[in-house]
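Each reported figure results from applying straightforward, stated rules to the coordinates on display, with no laboratory input. Keep in mind it's a predicted model, so treat the numbers as computed, not measured. Virtual Cβ from ideal backbone geometry, glycine too; neighbours counted across all protein chains shown.
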Amino acid sequence: MSPDLVHIVDDDPAIGRALALLARSAGLNAISHISAEALLASFDPDAAGCVVTDARMPGMSGLELQRALKRRGAGVPVIVITGHGAVSMAVEALQGGALDFIEKPFDDQLFLASVRRALDRSQRSAEQRKADAAVARRAALLSAREREVMDLIVAGRSSPAVAQQLGISVRTVETHRARVMDKMDARGLADLVRLSIRLERSAASEQALS
Amino acid sequence: MSGFMTSTFHETRTSIADLWREPRRVGVWALFLVAYALLDRASALFLPGVGVLTPWDLAGGLAFGFLVAEGPAAAILVALADFADDFLVPGARPPIHDLALAATVTGLSYGLAAVWLRANKTSRLAGQRDLIRLAIAGALAALAHVSADFLLLGRWSLLAQDSWRAALPAAWMGAFVGILIVAPLLMLPRGTGQPFTRRCALEAALMAAVLMSVMALALRSRPGDWFPYFYMLFLPQIWVAGRFGATGAALGNVLVQAGLMSFFLTQPTLRGMILGYQVRFLALVATILFLGCTVTERRRFEAALRQRQEELARISRLTLAGEMAAALAHQLNQPLMAVMAFARSAQRLQENGSGAAAHEAIDETVAQAERAAAIVRSLREFIGRSTPSRAALSYEDLLRQAAQLAEPQCLRAGVRLAYEVEQGLPEVWVDAAQVQQVLLNLVQNAVDALAGLPGRRIVVLSARRDADGQVEAEVRDSGLGVPTEIEARLFEPFASDKPRGMGLGLTVCRGLVEAQGGRLWLAENQPGRCAFRFTLPVAGPGALRLSA
């Protein structure tokens, strides 16, 4: 399933219906929810393109929803809409990672442009996540020794230097190296370096989320 | 002396040099000199030849009040006046340097007293504090003035040497009483928020008449018993001071003083009693002034309080208008937003060739525009420009419709909505939209009250006939009830205990129920059972029948 579903959260059902219809009329997939709790109850991060939420709602507010999504590790872009444009609220929303902050009533162009930007962002990060996952899957196939060898090679050591550091023969290092290149599906040293950087970055961002 | 005064006290810019540039002030000063001379003569009439000893030093009192009003620069004028009048006293005259020294002490002591009073912002008798300061300053200044006169001029008077111990206190009392009588006239309070109307003038005239009649009684004397009815004078004076405050007290005192003076002038044989009489008179003057100042002070506080309350009321009216405007803006913003989005959707759907969907979107657009119109209409009704459109309706139908509207909200909050309506309830004569608004508002409040509570959460809508034959409707919830601190002002605007509530809901509800001719109240308030009830008038035989 491609992550292009626009979630609209507003306690006023008419607004929810209207915005969902507007998105659909522009060829997007959209669904509306009556509250933040309702969205969270049925939320599928893999299918989520973006979330458009009213700032003020009874129960969980839009900003609280934004935080809750972040806590769940769903990197879904959030657009906050509001009827009372308070600067402090806008600042808080944007600092909390909201992609956009729009004041009601707004023009369809503005709304759709913002939603498209969010979906685009979502699409790209989904692709990135997919690529990250593929690299991680491949890296998981490496044995501990192979992993050690890869880390040293990527750090710029030559095979004899690696052999000396690990206390094994140069020949064995060469064997490991060939297996690493094979398992990681790297087309050369430069490619391996790139994969290793991606691996580190996604590990770091996962750590940041947890 | 004048140089010293003007350089030290900036409050008064008057010096002798400046004086000639201000003709009005020259007039005031000249008037003072004339009045001083006249009062001094009048006071001296009672003990001819004894310049130092007057039973009531009215001229001194005038000088004191003049200094407080005009500023201490006038002290030189006071000294000059004192000197001139002593100089002009017939009979044996003390040497000029003694006269000059005594006059200087008088000007200086009264001037210093005035400086102190002015520095303490006591140039007007606005309260008890002012009077106490006046009394302290007056008593000390009088003592200094009388002592100097006795030391420097006493031996030239006709007093026997052995009687000065008795004469000094008497002279002091005379000077003090003079200050308490005349100075307050120049220190009358201002701005007590009480306009002087015709009625006030009549009252004042009546008071003066009563005061003079009582005086005629009080001044009757029998041999061996001095003025047994003197204390009667307190009664009309208390009346005057209680009614007109410090101003009334000061004027009343002057009137009594004038009466006394004319009495003693016509009764030369009684002049021996004057000194003994002073003590009682001082008590009267001081008591009445104190009462007058207390009344003035209270009036002043009351006026200030009233002004503040008016300000607060104005501010709260403004705030109410602002809050209403903000709430209205939000209320209208929602359907407007929906209208915009639906209309644009319709446009796009039309362009894409999905005509049926576009048609639906246009229906939605119209529905939202109607919603906006309904808000504007209900606002008009709230303001009262439009009368409710009433009809004979079944309350049960109204209730069912309101329940349908409230249903989704109750479901979301996990609240059960039940209704029980008595059989055979008559139709009510009401505006359907307004009654539904009341019901929805009360249900909304009940749902809010139940949010987050454990156990059974239920809202019961019920109705029955009350003793007067009206329909009595009830909205009851199983929540904790209204907090007691809110209960008293529950129906006032902004009495909300909800973090986001404006506190207008119940105010509006009460207004709407009253517009139908009913009333709304909190009938039960205890944990587990909180009920609002309202009555609705029953439709009469002539009522227009409509299906709801």
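Table for the structure above
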{"item": "Residue among A:A203, A:A144, A:A86 farthest towards the positive dipole end of segment A:54-210, charges placed on Cβ", "result": "A:A144"}
{"item": "Order of B:Y231, B:Y419, B:Y277 - criterion: other Cβ atoms within 10 Å of each residue's Cβ, fewest first", "result": "B:Y231, B:Y419, B:Y277"}
{"item": "Leading residue at positive end of dipole, segment B:389-548 (Cβ point charges), from B:V438, B:V428, B:L480", "result": "B:L480"}
{"item": "Test item: B:429-438 mean partner chain Cβ contacts at 10 Å", "result": "0"}
{"item": "Bridge type composition, segment B:389-548 - antiparallel percent by DSSP, nearest 5", "result": "75 percent"}
{"item": "Ranked packing of B:358-369, B:468-479, most packed first, by mean Cβ within 10 Å", "result": "B:468-479, B:358-369"}
{"item": "Fewest-first ranking of B:L312, B:L398, using other Cβ atoms within 10 Å as the exposure measure", "result": "B:L312, B:L398"}
{"item": "Contact order normalised by residue count of chain A, Cα under 8 Å, 6+ apart, percent", "result": "16 percent"}
{"item": "Per-residue mean of C-beta atoms belonging to partner chains within 10 Å, peptide A:20-28", "result": "6"}
{"item": "Likely footprinting exposure, B:C293, B:C200, fewest C-beta neighbours within 10 Å first", "result": "B:C200, B:C293"}
{"item": "Cα-based shape type of chain A, given that a ≥ b ≥ c are square roots of the gyration tensor eigenvalues and the cut on a/c is 1.5", "result": "prolate"}
{"item": "Cβ charges +1 (Lys, Arg) and -1 (Asp, Glu), total dipole of segment B:389-548, debye", "result": "340 debye"}
{"item": "Relative contact order [Cα under 8 Å, 6+ residues apart], segment B:340-445, whole percent", "result": "26 percent"}
{"item": "Amide H partners (placed H, <5 Å) of A:I8, local residues excluded", "result": "A:I31, A:S32, A:H33, A:V52"}
{"item": "Local net charge near A:A113, Cβ-Cβ under 11 Å (Lys/Arg +1, Asp/Glu -1)", "result": "-2"}
{"item": "Degrees between helix A:62-71 axis and first principal axis of chain A (Cα, 0 to 90, nearest 10)", "result": "20 degrees"}
{"item": "Mean projected area (nm²) of the alpha-carbon convex hull when segment B:389-548 is viewed from all directions", "result": "9.4 nm²"}
{"item": "Long-range HN-HN contacts of B:V459 with modeled amide H, under 5 Å", "result": "B:R416, B:L417, B:A418"}
{"item": "Distant-in-sequence amide H partners of B:F227 (H built 1.01 Å from N, under 5 Å)", "result": "B:R222"}
{"item": "At 1.567 mPa s and 4 °C, Stokes diffusion of segment A:106-210 via Kirkwood alpha-carbon radius, µm² per second", "result": "82 µm²/s"}
{"item": "Mean separation of Cα contacts under 8 Å (6+ apart) over length of segment B:389-548, as relative contact order %", "result": "28 percent"}
{"item": "Only Lys, Arg (+1) and Asp, Glu (-1) charged, at Cβ; chain A dipole about Cα centre in debye", "result": "1020 debye"}
{"item": "Helix-only CD estimate at 222 nm, as mean residue ellipticity for chain A, using -39500 (n - 2.57) per DSSP H run (n ≥ 4)", "result": "-19000 deg cm²/dmol"}
